[in-house]
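See below for the structure under consideration.
The values are calculated or read from the model by the stated rules, or taken from the named source; none is laboratory data. Computed from a prediction, not measured in an experiment: that's the story for all the values here. Cβ placement follows ideal geometry from the backbone for every residue including glycine, while neighbour counts extend to all protein chains displayed. With ligands, DNA and RNA removed, areas are computed over all heavy atoms of the protein, side chains included. Shrake-Rupley method; radii C 1.70, N 1.55, O 1.52, S 1.80 Å.
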Amino acid sequence: HEVCFASYYDFSDRVPLEYLDDTGEFFFVNTMELRQDPQSHHLIVDYAFVGLDRIHDPSFGAWTCKGGSTAGADCEPLDLGSCSDGICATEPQRTFGCLDYGPVIDGPGVSYDPIGGAQEAQSRSDLFPGVFGRVPVRGLLYWNSHAFNLTASDHEMNGRLNYTFADDRQYPSVGIFDLEAIFAPNAEPFTKKVECNDHVLPQGARLYSLSSHTHKRGELFWIDLADGTRVYENHLYSDPAEERFDPPLAFDSPNPTDRTLTYCARYNNGVAEDGSPPTPPPPRGVPSRHRARSARANPSLVRKVPSAARAPA
């Protein structure tokens, strides 16, 4: 299932001065590598815009030690040593994308910004030469973890997220994480349906990488340029391809239409390869109730994902 929980981090004693920006509040990176156990569907690490003066807001619930010799004890999240060899964090809550998690903040939009993670179990993201990203030195993290346990035994899910410092810093990285059509898929039983949406890049953008994300029914995903040129195609939802462009694709036209990417996905809700509907499956068991428990923040993650009585289809 999908959960969200919070923890505090502070890398101020780990970042050399040459990798800090002028404010001292951000450090420069050019590589992000995520390693998880294979049952992870996605892990997104979000930097929360919630002020630290609200870290004890009742919406977070109790802060307790996760893992280590003091597991289960109450802890102070701003004291990184309060859990000895464990980590101080909130209890995981069932959420979708951490959208309704934590205290409400003023202003439009969500209360966080993704700074790491991947929508697959293993991922390495190398920025194009000369491109760099910025990560806050300290702050509150929201961990959005989505995992499946299709076995008959409880197990822990481990995750590790590592950054590499950036020496070559010419162009700031701007990510594309378009969720505008996330709820559009709605194929009727035993049918296929294509859903498309547009994304307009800013003038002067240089595009060097594309990937995709769908779920089990997503059998094909593609992205086309305004002139119809196909620049991305993926057939495997569980291990989406990453397409890199060297040199990067340039989008300098003053006309937004020329800078528009059209992305589409074809969803197959039960149509067999020969076009016929499949034989109805036997009745499914009811998944058992289970809890997720988290630990480590290097940043890293350990969750316990109990088994189901029978794996959902």
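Lys-Lys pairs in the chain that are eight or more residues apart or on separate chains and whose Cα atoms lie under 29 Å of each other come to 4. The accessible surface of the range 96-246, taken with every protein chain in place and a 1.4 Å probe, is 51 percent carbon and sulfur.
A dipole drawn for the chain from +1 and -1 charges on Cβ atoms has a positive end, and of Tyr112, Thr151, Val137 the residue lying farthest that way is Thr151.
How would the range 1-132 be classified by its alpha-carbon gyration tensor: rounded, prolate or oblate, with rounded meaning a/c under 1.5 and the a/b versus b/c comparison settling the rest? Kindly include the intermediate steps, with their values, before the conclusion.
Numbers: a/c = 1.37, a/b = 1.27, b/c = 1.08.
Rounded, because the longest to shortest axis ratio a/c is under 1.5.
Using the heavy atoms of the protein chains and a 1.4 angstrom probe, tell me the accessible area per residue for the chain in square angstrom.
55 Å²
Based on Cα atoms of the range 10-52, Rg over Rh with Rh as the Kirkwood radius reads 1.06.
Within the chain, which is the longest segment that contains none of the chymotrypsin sites (Phe, Trp or Tyr not before Pro) sitting in a DSSP loop with at most 11 other Cβ atoms within 10 Å? Mind showing how you got there, number by number?
Working: sites that count: Phe177, Phe183.
The answer is 1-176.
Here the convex hull built on the C-alpha positions of the range 58-181 has a volume of 175 cubic angstrom per residue. Along its three principal directions, the equivalent ellipsoid of the chain from the Cα gyration tensor extends over semi-axes of 33, 30, 16 Å, largest first.
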